[in-house]
Each structure stands twice: as structure tokens, then as C-alpha cells.
Amino acid sequence: MRYQIKISILLFFSWTCCVNAQTKKLDSIVKSLRYQIEQAASDSIKVPLMIKLSNELGAFDVETACDLDVETQKIIDNNLDNSRYFQKLKVQILQSRAYCGIVQGNLTEALDYQQQALDLSIKIKDSLGISRAYTGRGTIALKKHDTINAKYNYKLAVEILEKNDNSYDLAYTYIKLGHVYNRYRKLDSARYFYRLAKTVHPTNEMKVTANANIGTSYIFEDAHDKAIEVLCENLKILDSKNYTQLSSVYNNLASSYTSLKRYEDALQSIDRAISYSKKVNDKIRIRDQYEWKYIISARAKKFENAFDAHKSFKIYSDSLNDTNEIKRFTELELTYKFDKEKELAAVELKSEASKKKLYFILLLITALLGAVLIFFIRKNNKQKLKLAANEIELKKVEKLKADLALANRETELKKVVVENSITEEVLNKTLDDIKEIITFTNEKKRKTALRSLSANLLSEKLVQKNSTSVQSYLDNVNIDFKIRLDTHFSQLKPKEKEFLCLMKIGLNTAEISKLQNTTIPAVKSYRYRMRKKMGLDSNTDIIAYIDSKGLM
């Protein structure tokens, strides 16, 4: 027992020396910041310094820090510069004022400021401000013992912070998640997040915070010796002006000492915890610590102390349990949820409107494409109808031409019959041939067939009057052609010249053979001899060659 008292005295002495040194250091920082604020030439320089001073004061003088936040916000609100820089500073002020509300037990006010900070952060797309607002909302929910809402907000904050390079905020939020698992008594999970915080942001400040919470988790497991060891280690490295953490450490030490039935040490620790909580005016913590002192005093059978502690607990409890305040907090939470639901509904309506607009555009495009397609189909059908009509007209013209040709041929044939005494049988056969010939679609073939028919008729006529028929053909030859033959080809015999005249009017080998009453080979032989006399090869057109010669 004496040994434990000596250790306690030694720890207290060491802590006192450390406190004095660190207090001087903090006083120096505060004085330096106040001087820089006085010398600041513009709000853009002054406001960040005031925020930094508020953060320093918040650890040991919350009232002054809150007053400073109010003053800083007035400067920002009166400043006409609405740039993103000043908007981000305003977010920091709102979150600082929310912290003051939490410390002073005014959770409704804290939630209101935190919500303003969240809305403004979303507006200016400040991811760090958004993550801190979610962390603040989680802390407020945890103070209200709403672990589900707390966990939800902390996880939202972690999701944002893990994508950004801000180790302090991420580590701080891991600590807060550990608090949630502590409440669930999932202590291994809690310690996982506490140790993760030390890894992410390995500083003395974070180590103190994590160790304090690890110590709490050991308390829940009744491993009080381990808890005391961790908590005493924290007292060696803790900032003497960090009243909030000192209060937490001594509160946890009181819990462990009580479980070990070291009631004197427990009462000393809880008194120190209460004194530090009063320095920052953390009403919720003071209320809880007076309740704890009442329990310790009762177990130590110090009933007078227990009565006084319970009376103080009742005073702080009544000040916090304001019915109107609870009602206002609930309304604020419901308003926030309603606003979020309204925002989601607006987004859904906008999405539906966009879908309808898209569907209308698609329908319009489809209608236009359909109209264009119908136009081209109709145009194509019209073209097809026009082509069909043209083809019908063409066939009518061809038929008319064929009818005229037939009529002309019938007239010619009747004349031939009269003039040449062609038999009725030959006439009927020829008419049948003509009717067949005019059905030919190819004009060239039709002309060739008609010439061949004419030659056949002539051959029939040769039986009676061959020489007269040949002469009638020769009379049809152009006089110029005959002149060229007599002038340029005197070496040719009259029979050969007659042969060339028949070729000139377009008769073929078979027709000439019939007209001259000879064989086809004989006609070919004639042609060969004429080419030889005229000095022409087989590829040269004889008639074209003769036509190329000039007249005399």
C-alpha cells in the first residue's frame, strides 16, 4: 500500500512539473496569436489567425473560444467577399461553434451549427468540410446515445477522408468509430480502430487519445491493471492545457481504481476529472462525473460526500434535461431528415422529368425517321410506277411500229405478187414468217430476218426472171459506189463488181448465193479472189475500203 502511495506521489509531482512547462508554452502560443491578430492588415489574414486561436483556447478555455468564434463569424458575415476562401473559413467557424455547443451541453445548438456547416460545405464542394460535418453529427448522435445514427455519420466521414490526404481527421474519425463499438461492447473492434488511428496519424496527441480509449476498453473487460498502466502513460505525455483529455483520463482512472476497491485513489481521480471538466464547462461530462463520484463515495461509505455529489448531479441533470430544448432538438433532426427527403424527391422528380423529355425526343426522332422513310418509299413507288408506265408506252410504240412494218410489207408483197406472179401459197407462208419476225424484241435481229425473207422471195422470183431481179437490186446501189468501182478497180470483172454492189446494199453470203443462183462456197471463193486482186487482207472491210476512195 505504501509503495502504491509513493508511486502516486511521484506521478503527481512529475505531472505537475510537466504541466507548468506546457502551460508556459501554450501561454506563449496564445500571446503570439493575439499579437498577430492585432497586427493583421486585412480580414483574409486576421480570420484564419482567430480560428487558430479559438482551436488553442478550446482545449482549456471553451467560454473564451466560443466568444471568439462569435466575433469571427461577425467579421465573415460583414465581409462583402463571398469567395470560396471565405466560405471555407465560415465552415470552420460553424463547426467550432458546434463543438462549443457539444462541450456546453447545448446539443440542439450544436446540431444546428453542424447542419449549417454541412449545407455550406456541400454548396462550395468542400470535401474536408463535409467529412468534418458528418463526424460532428456523429458525435452529437453519440452524446444522445443514438449509436446507429452515430455509426452511420462516422462511416460517411471515413468514406470521404480515405479518398483524401488528411491523416489527422481520418484518425480522429477512427477514434469516434471505436467509441461506437465500445458502446456495443465489441471491444476488439474498438481497439482495432484506436490502434489504426495511431498508425494513420502517429503523433503524441493522437497517441494520447487512442491510449485513453484503449484504457477504457480494458476497463469494460475488467482488465484494470492494464487500463491503469495505459492511462498513467498518457499522463506523462499529455498536454497540460488539454483539459478535456485530462478529464477523460482521470475519469477512467477513477473507474479502474473503483473496480480494484482503491476508493481513495478513485475519489482523488474523479475530483481531478471534475475540476478539468469545469474548466471547459462540459456540462454533460460534469453531470456524469458527479454521478460517478456519488457511486464511489457510497461504496467507500462516505455518505456525506455521496449526498453532496448526488445533489450536484441533480443540479446539472436538471439544467440539461430541459423539455423545450429536447423538443427543439427533435424538431431540428426531423427538419434535417425532411429536407433530405425533399432533396431526394426533387432529384427523383428531376430524373423523371429528364426521362420523359428523353422519351419525347426519342419519339420525335422515331416519328421523323418514319416520315422520311415513308417519303422515300412513296417516292420509290412513284418512280417504279413511272418506269412501268414508260415501259408500257414503249411497248405500245414498238407494237405500232411493228404493225406499220407489217402493213408496209403486206403492201410490198402484194405488189410483188402482181408484178412477179408469186403463188398464193408462197404469199401465205411469207405473211406467217413476217408475223413471227415482228415479235422479235431485238431491232437488229428483226431487220436481218426481214432482209433474209426478202432474199428468199427474190430467190423464188429467180425461177421465172432471175436477171431482171438482180438488176432491180443493182438499181438500188448508189451511183457514187459504182463510179468508184469503175474508176479505181478496173481489174475487177463485171460479175465481181455486181457481187460488191450486192454486198453494198447489205446482203449476206447466203442471200447473195440465192440471188445469183450459186452455192455459198462459190460466193466465199469470189470474195477471196476479189481481196487478192485489190491487195486487201482478211481483216479489212472491202465496202469501207471502196467508200474511202475519192470520186473522179
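So, restricting to helices (runs of 4 or more DSSP H) that lie completely within the range 263-372, which ones have at least 2 residues that are under 20 Å from His145 (Cα atoms), at pLDDT 90 or above and not β-branched (Val, Ile, Thr)?
On the way: elements: 263-280, 283-299, 303-320.
Counting at least 2 such residues, we get 283-299.
Could you say whether any residue in the range 105-115 is more than 31 Å from the chain's Cα centre (by Cα), on the phi > 0 side of the Ramachandran plot and surrounded by 15 or more Cβ atoms within 10 Å (Cβ to Cβ)?
So far as the range 105-115 goes, yes, one or more of its residues are more than 31 Å from the chain's Cα centre (by Cα), on the phi > 0 side of the Ramachandran plot and surrounded by 15 or more Cβ atoms within 10 Å (Cβ to Cβ).
May I ask you to say which residue of Ile93, Ile102 is under 40 Å from the mean Cα position of the chain (by Cα) and buried (at least 16 other Cβ atoms within 10 Å of the Cβ)?
Working: Ile102 fails: under 40 Å from the mean Cα position of the chain (by Cα).
Every option except Ile93 fails the conditions.
With in contact (Cβ under 8 Å) with a residue 12 or more places away in the chain, farther than 28 Å from Asn204 by Cα and in a helix (DSSP H, G or I) as the only criterion, which of Tyr134, Tyr152, Tyr172 stands out?
Numbers: Tyr134 fails: farther than 28 Å from Asn204 by Cα; Tyr172 fails: farther than 28 Å from Asn204 by Cα.
Answer to the selection: Tyr152.
Inside the range 478-495, can you point out the residues that are surrounded by 15 or more Cβ atoms within 10 Å (Cβ to Cβ), of a type in the set (A, V, I, L, M, F, W, C) and in a helix (DSSP H, G or I)?
Phe481, Leu485
Could we say that Ile284 is under 55 Å from the mean Cα position of the chain (by Cα), closer than 17 Å to Glu63 by Cα and either buried (at least 23 other Cβ atoms within 10 Å of the Cβ) or aliphatic (A, V, I, L, M) (or both) here? Spell out how you get there, then give the answer.
Details: under 55 Å from the mean Cα position of the chain (by Cα): yes; closer than 17 Å to Glu63 by Cα: yes; either buried (at least 23 other Cβ atoms within 10 Å of the Cβ) or aliphatic (A, V, I, L, M) (or both): yes.
For Ile284, the condition - under 55 Å from the mean Cα position of the chain (by Cα), closer than 17 Å to Glu63 by Cα and either buried (at least 23 other Cβ atoms within 10 Å of the Cβ) or aliphatic (A, V, I, L, M) (or both) - is met.
Would you please name the residue that is farthest from Leu474 (Cα to Cα), looking only at residues in the range 504-525 that are buried (at least 19 other Cβ atoms within 10 Å of the Cβ) and hydrophobic (A, V, I, L, M, F, W, C)?
Out of the qualifying residues, it is Val523.
Would you point out which residue out of Glu498, Glu436 is out of contact with any strand residue (DSSP E or B) (no Cβ under 6 Å at 6 or more places or on another chain), at pLDDT below 75 and either assigned to a helix (DSSP H, G or I) or surrounded by 15 or more Cβ atoms within 10 Å (Cβ to Cβ) (or both)?
Details: Glu498 fails: at pLDDT below 75.
Result: Glu436 is the single residue among Glu498, Glu436 that is out of contact with any strand residue (DSSP E or B) (no Cβ under 6 Å at 6 or more places or on another chain), at pLDDT below 75 and either assigned to a helix (DSSP H, G or I) or surrounded by 15 or more Cβ atoms within 10 Å (Cβ to Cβ) (or both).
Just checking, does the range 421-429 include any residue being assigned to a helix (DSSP H, G or I) and modelled with pLDDT under 60? It would help to see each step written out before you state the result.
Restricting attention to the range 421-429, the residues satisfying the condition of being assigned to a helix (DSSP H, G or I) are 424-429.
Cutting the leftovers down to modelled with pLDDT under 60 gives us 424.
Yes, the conditions are met somewhere in the range 421-429.
For the range 176-219, which positions are surrounded by fewer than 23 Cβ atoms within 10 Å (Cβ to Cβ), of a type in the set (Ser, Thr, Tyr), under 18 Å from Cys232 (Cα atoms) and at pLDDT below 85?
The answer is Tyr218, and nothing else.
In the range 303-316, what residues are more than 60 Å from the chain's Cα centre (by Cα) and closer than 21 Å to Ser277 by Cβ? I'd like the intermediate steps shown before the answer.
Residues of the range 303-316 that are more than 60 Å from the chain's Cα centre (by Cα), as a first pass: 303-312.
Within the range 303-316, Asn305, Ala306, Phe307, Asp308, Ala309, His310, Lys311, Ser312 meet the criteria.
In the range 197-243, how many residues are under 14 Å from His179 (Cβ atoms) and in contact (Cβ under 8 Å) with a residue 24 or more places away in the chain?
The total comes to 10.
For the subset of the range 526-552 comprising residues that are part of a helix (DSSP H, G or I) and of a type in the set (A, V, I, L, M, F, W, C), which member is surrounded by the most Cβ atoms within 10 Å (Cβ to Cβ)?
Met530
In the range 256-281, how many are among the hydroxyl-bearing types (Ser, Thr, Tyr) and buried (at least 21 other Cβ atoms within 10 Å of the Cβ)?
Quick first cut of the range 256-281, residues among the hydroxyl-bearing types (Ser, Thr, Tyr) only: 256-259, 263, 269, 275-277.
Next cut, buried (at least 21 other Cβ atoms within 10 Å of the Cβ) only: 256-258, 269, 276-277.
Number satisfying all stated conditions: 6.
Go over the candidates Val249, Val180, Val200, Val280 one by one and state the one that is touching a Phe, Trp or Tyr at 6+ places or on another chain (Cβ under 7 Å) and assigned by TED's automatic domain parsing to the domain that holds Ala309.
Details: Val249 fails: touching a Phe, Trp or Tyr at 6+ places or on another chain (Cβ under 7 Å); Val180 fails: assigned by TED's automatic domain parsing to the domain that holds Ala309; Val200 fails: assigned by TED's automatic domain parsing to the domain that holds Ala309.
Criteria check complete, one pass: Val280.
Can you find a residue in the range 104-127 that is closer than 27 Å to Thr203 by Cβ, assigned to a helix (DSSP H, G or I) and among the β-branched types (Val, Ile, Thr)?
There is no residue in the range 104-127 that is closer than 27 Å to Thr203 by Cβ, assigned to a helix (DSSP H, G or I) and among the β-branched types (Val, Ile, Thr).
State whether the residues of the range 63-83 include one that is part of a helix (DSSP H, G or I) and either at positive phi or touching a residue at least 60 places away in the same chain (Cβ under 8 Å) (or both).
First, the residues of the range 63-83 that are part of a helix (DSSP H, G or I): 63-78.
Filter once more, so that each one left must be either at positive phi or touching a residue at least 60 places away in the same chain (Cβ under 8 Å) (or both): 63.
Yes, the conditions are met somewhere in the range 63-83.
Does Leu142 satisfy being surrounded by 19 or more Cβ atoms within 10 Å (Cβ to Cβ), more than 25 Å from Ile160 (Cβ to Cβ) and out of contact with any Cys (no Cβ under 7 Å at 6 or more places or on another chain)? Lay out the reasoning, then the answer.
On the way: surrounded by 19 or more Cβ atoms within 10 Å (Cβ to Cβ): yes; more than 25 Å from Ile160 (Cβ to Cβ): no; out of contact with any Cys (no Cβ under 7 Å at 6 or more places or on another chain): yes.
Against the criterion (surrounded by 19 or more Cβ atoms within 10 Å (Cβ to Cβ), more than 25 Å from Ile160 (Cβ to Cβ) and out of contact with any Cys (no Cβ under 7 Å at 6 or more places or on another chain)), Leu142 does not qualify.
The values are calculated or read from the model by the stated rules, or taken from the named source; none is laboratory data. In this text, all values refer to a predicted model and were calculated from it rather than measured experimentally. Heads up, the Cβs are rebuilt from the backbone with ideal geometry, glycines too, and the neighbour counts pull from every protein chain shown.
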